[in-house]
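Shown next, in structure tokens, is the structure this report addresses.
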Amino acid sequence: MIVYPAIDLRNGVCVRLMHGRFDQVTEYDTVPAARLTAFVAEGATWVHIVDLDGAEAGRAVQHRLIGDLAGSLDVNIQSGGGVRTLSDVRNLLDAGVSRVVVGSQAVTAPAEVSAWLGRFGHQRLTLAFDVRVGEDGVPVPSLKGWTEAAPIDLWTALDRYPPGTLEHVLITDVGRDGALTGPNLDLLAEVIRRRPDLKVQASGGVSSLDDLTAARAIGCDGAIVGRAIYEGRFTARNAIEAAR
């Protein structure tokens, strides 16, 4: 399983949000390049970088900085936030990003995103489904920087990308993101059960190395790890070794 140490950018610095809320921000690093260098030194082959300003604004904001980071080291960058147009995807890929993360558009404009998948290839895009699980247990995607609920559930959203049209998906339980309460393994297992054709990345709530081994055990292809590393629960190197 691939571990993706996370760098979430807001106003050019590394932060983490609690439950996806922009009014609950913790700042960690003022020099993102130093954090990226440290992750690579610890053995990371992939790093997950998010333009939080872009996610909130609904347009590319920090893609220039992300491009600079992608070109600074020999590491694969998976990045998104504010990706709304074909030009956004192309600009990130041209800047050196290995895989572009598409969030809200994957839910609201599936025909357009399917065309992007056909144009750039399944390996170059990850569709991110950030969900809130209701009291009825139904996961519903959150849109526009996690500020709005989609009119459809996760299963309907995934059905719009039949087997053979999509490869990489990132599933975040927004209620666990940044909270260090463990990933939603039941949700992830259900995604894998329903869509065994997909490579699923776990996101939101990873707090221990046991969380990573559990995600690997249920069949996750990758896991995004952020706050647990920043707050010293384990290192990126520890996480990478635990996920092997």
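The values are calculated or read from the model by the stated rules, or taken from the named source; none is laboratory data. All of these numbers come straight from a predicted model, not from anything done at the bench. Virtual Cβ from ideal backbone geometry, glycine too; neighbours counted across all protein chains shown. For accessibility, only protein heavy atoms count, side chains too; no ligands or nucleic acids. Shrake-Rupley method; radii C 1.70, N 1.55, O 1.52, S 1.80 Å.
Within region 210-228, residues that are farther than 11 Å from P183 by Cα have Cβ atoms under 7 Å from residues that are in a helix (DSSP H, G or I) in these pairs: T213/A242; I218/L185; I218/L188; I218/A189; I218/I192; G219/I192; C220/L188, counting only partners at least 6 apart in sequence or on another chain.
Scanning region 230-241 for residues that are surrounded by 18 or more Cβ atoms within 10 Å (Cβ to Cβ) and modelled with pLDDT under 95 returns a single hit, Y230. Would you pick out the residues in region 41-85 that are under 14 Å from V100 (Cβ atoms) and open to solvent by 50 Å² or more (accessible area, probe 1.4 Å)? N76, T85 - these are the residues of region 41-85 that are under 14 Å from V100 (Cβ atoms) and open to solvent by 50 Å² or more (accessible area, probe 1.4 Å). If you go through region 196-208 and keep only what is in contact with a helix residue (DSSP H, G or I) (Cβ under 8 Å, 6 or more places away or on another chain) and surrounded by 17 or more Cβ atoms within 10 Å (Cβ to Cβ), you end up with L198, V200, A202, G205, V206, S207. Listed by position, the helices (runs of 4 or more DSSP H) enclosed by region 23-89 that each have at least 1 residues that are hydroxyl-bearing (S, T, Y) are 32-41.
For region 178-203: of the residues being in contact with a His (Cβ under 9 Å, 6 or more places away or on another chain) and in a loop (DSSP other than H, G, I, E, B), which is nearest to R244 (Cα to Cα)?
L198
Take V97 and decide whether it is part of a loop (DSSP other than H, G, I, E, B) and at pLDDT below 95. In short, no.
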